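The values are calculated or read from the model by the stated rules, or taken from the named source; none is laboratory data. From a predicted model like this one, the values you see are computed outputs, not experimental measurements. All Cβ positions, glycine included, derive from the backbone under ideal geometry; neighbour counts span all protein chains shown.
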Amino acid sequence: MSIRAQVDGWLTEHTDELIRWRRHLHTHPELSHMEYDTTAWIAEQLADRGMEPKLFPGTGLMVDIGPDTGHRIALRADIDALPIEEKAVVEFSSRTPGVMHACGHDVHTAIVMGAACALHAADLNHGVRIIFQPAEEVMDGGAPDVVSWGGLEDVASIFAVHVEPKLRTGKIGLRTGAITSAADILEVKVNGPGGHTSRPQMTADVVYALSSVVTQLPALLSRRVDPRTGTVLVFGSINAGYAANAIPENGRISGTLRTADIGVWRAAEPLITELIAQIIAPTGCTHEVVYTKGVPPVINDDVATALMANAARGIDAHSIVAAPQSSGGEDFSWYLEHVPGSMARLGCWSGTGRQFDLHQGDFVVDERCLGVGVRLFGAVVDGYSREMNNDTQRPVGPDGFLPTR
């Protein structure tokens, strides 16, 4: 019996349990770097089913399944929630005030737990690593920590899904290349001596300098960066002064830079710093730029995405749709800086009624997507296993995949 068939068989018997897991996670959300109870609960569920989970320092865990073949395929879930008050009316709503799984990480975690249990009960001819990653929702954590803790050691390729409420349940969105954007945070602090608004020529106008950056920087950037890269700079905050007739001594603006091009992302900080200095110089103000590098774009490997496409096609020949490139950030990208892999969009809209959105307090999912996710991962592992079985005489390439015939 194929691995895919064994996973399907497990799912037939454990669908209700899978839903209970997801609802437990949804009811007990925890913020980034604070997923202590979530980590302990996942570890307990896996251990009760005969697995040996390894806890990461702080929060998060991983577990290895199958034989130690030297090249493992990895499946990743993110386990943290968001500081959002739940507004959805469901019987398993969040019991933690101001915290909610508004990005579907409860779904991701339940799916990967299901895949782990199903694969643990299957006959595997190669190793699989299951990663439950903390702190995806914040800039300072998550995937880089997992990498530093050895999460990718002996991993040849890695896969993940992300729920997509704009897709009907059963649909799987795939894309080769960038599927998300890089996301950096920019803060500019501007200072001057202050003064009276009736005599701007006798001081340095902080408010004028700030507004110049807000209006000119995005425009200048559009002339220095290829527009086909999907590079967007938007300011979300501007603060300066209190009185209508007083020029303040300081102020600040902050915003985000997003791009689908990793080359632009790597060169963005010095370019933006240069442009800001040129804009502010004529005003006579001084300034400080605080540029916080976020995450690179998720760049799906073509071979890994083809493997995922074959897996999805094996489940439902009509399931695959082209996923658009998103301006959102996702720290799964850090894994892809080290090993090839692919992230898919998992449809979670019931097909009737309103289509909800991520990071909203009323976000709900169609729980039938849980089974689709487990089957997809089972089929991915099955496809990888078949390649390994069919090509035992061909060496594995440096990226962990078998060379093209």
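Taking the condition part of a helix (DSSP H, G or I) and either of a type in the set (Val, Ile, Thr) or in contact with a Leu (Cβ under 8 Å, 6 or more places away or on another chain) (or both), does residue 273 pass? Yes.
From the list 337, 288, the one residue that fits, being of a type outside the set (Val, Ile, Thr), over 30 Å from residue 1 (Cα atoms) and in the same structural domain as residue 189 (by TED's automatic domain parsing), is 288.
Can we say residue 266 is in a helix (DSSP H, G or I), among the basic types (Lys, Arg) and under 25 Å from residue 138 (Cα atoms)? Yes; evaluated as a whole, the condition is true for this residue. Among the residues of segment 269-328, those that are closer than 19 Å to residue 185 by Cβ, among the hydroxyl-bearing types (Ser, Thr, Tyr) and crowded, with 16+ Cβ neighbours inside 10 Å comprise 291, 326, 327. For segment 170-193, the set of residues classified as crowded, with 20+ Cβ neighbours inside 10 Å and among the polar types (S, T, N, Q) consists of 180, 181, listed by residue number. For segment 378-403, the candidate set comprises residues that are assigned to a loop (DSSP other than H, G, I, E, B) and in contact with a Lys or Arg (Cβ under 7 Å, 6 or more places away or on another chain); within that set, the residue that is modelled with the highest pLDDT is 402.
Please verify whether segment 20-36 includes one or more residues that are among the charged types (D, E, K, R), closer than 29 Å to residue 298 by Cα and in a helix (DSSP H, G or I). Yes, some residue in segment 20-36 is among the charged types (D, E, K, R), closer than 29 Å to residue 298 by Cα and in a helix (DSSP H, G or I).
In the set (1) of a type in the set (Gly, Ala, Ser); (2) under 20 Å from the mean Cα position of the chain (by Cα); (3) farther than 16 Å from residue 327 by Cα, the condition left unmet by residue 244 is number (2).
Does residue 69 satisfy being assigned to a loop (DSSP other than H, G, I, E, B), in contact with a Ser or Thr (Cβ under 9 Å, 6 or more places away or on another chain) and surrounded by fewer than 23 Cβ atoms within 10 Å (Cβ to Cβ)? Criteria not met by residue 69.
Residues checked against (1) touching an Asp or Glu at 6+ places or on another chain (Cβ under 8 Å); (2) within 14 Å of residue 295 (Cα to Cα); (3) charged (D, E, K, R):
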residue	(1), (2), (3)
145	no, yes, yes
152	no, no, no
155	no, no, no
164	no, no, yes
173	yes, no, no
176	yes, no, no
188	yes, no, no
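Tell me, which strands (runs of 3 or more DSSP E) lie completely within segment 102-213 with 3 or more residues that are in contact (Cβ under 8 Å) with a residue 24 or more places away in the chain and within 16 Å of the chain's Cα centre (by Cα)? Ranges flagged: 128-133, 155-168, 182-191. For segment 225-252, filtering for residues that are part of a helix (DSSP H, G or I), loosely packed, with under 15 Cβ neighbours inside 10 Å and either of a type in the set (Lys, Arg) or touching a residue at least 24 places away in the same chain (Cβ under 8 Å) (or both) leaves 1.
When 267, 322 are checked against the criterion of being aliphatic (A, V, I, L, M) and in the same structural domain as residue 205 (by TED's automatic domain parsing), a single residue qualifies: 267. May I ask you to verify whether residue 327 is within 16 Å of residue 178 (Cα to Cα), outside the structural domain of residue 187 (by TED's automatic domain parsing), in contact with a Gly (Cβ under 9 Å, 6 or more places away or on another chain) and of a type in the set (Ser, Thr, Tyr)? Judged against the criteria, residue 327 is a match. Right, residue 43: small (Gly, Ala, Ser) and in contact (Cβ under 8 Å) with a residue 60 or more places away in the chain or not? Answer is no for this residue. Filtering segment 44-87 to residues that are among the small types (Gly, Ala, Ser) and farther than 19 Å from residue 106 by Cβ leaves 47, 50, 58, 66, 70, 74.
Might you check whether a residue that is in the same structural domain as residue 166 (by TED's automatic domain parsing), farther than 30 Å from residue 357 by Cα and touching a helix residue (DSSP H, G or I) at 6+ places or on another chain (Cβ under 6 Å) occurs anywhere in segment 24-46? No, segment 24-46 has no match at all. Selection of segment 140-185 for residues being among the hydrophobic types (A, V, I, L, M, F, W, C) and closer than 20 Å to residue 106 by Cα yields 143, 146, 158, 159, 160, 161, 163, 167, 172. From the list 109, 96, the lone residue that is surrounded by 23 or more Cβ atoms within 10 Å (Cβ to Cβ) and of a type in the set (S, T, N, Q) is 109. Here residue 365 fulfils each of the conditions (1) surrounded by fewer than 19 Cβ atoms within 10 Å (Cβ to Cβ); (2) over 26 Å from residue 5 (Cβ atoms); (3) modelled with pLDDT of 50 or more apart from (1).
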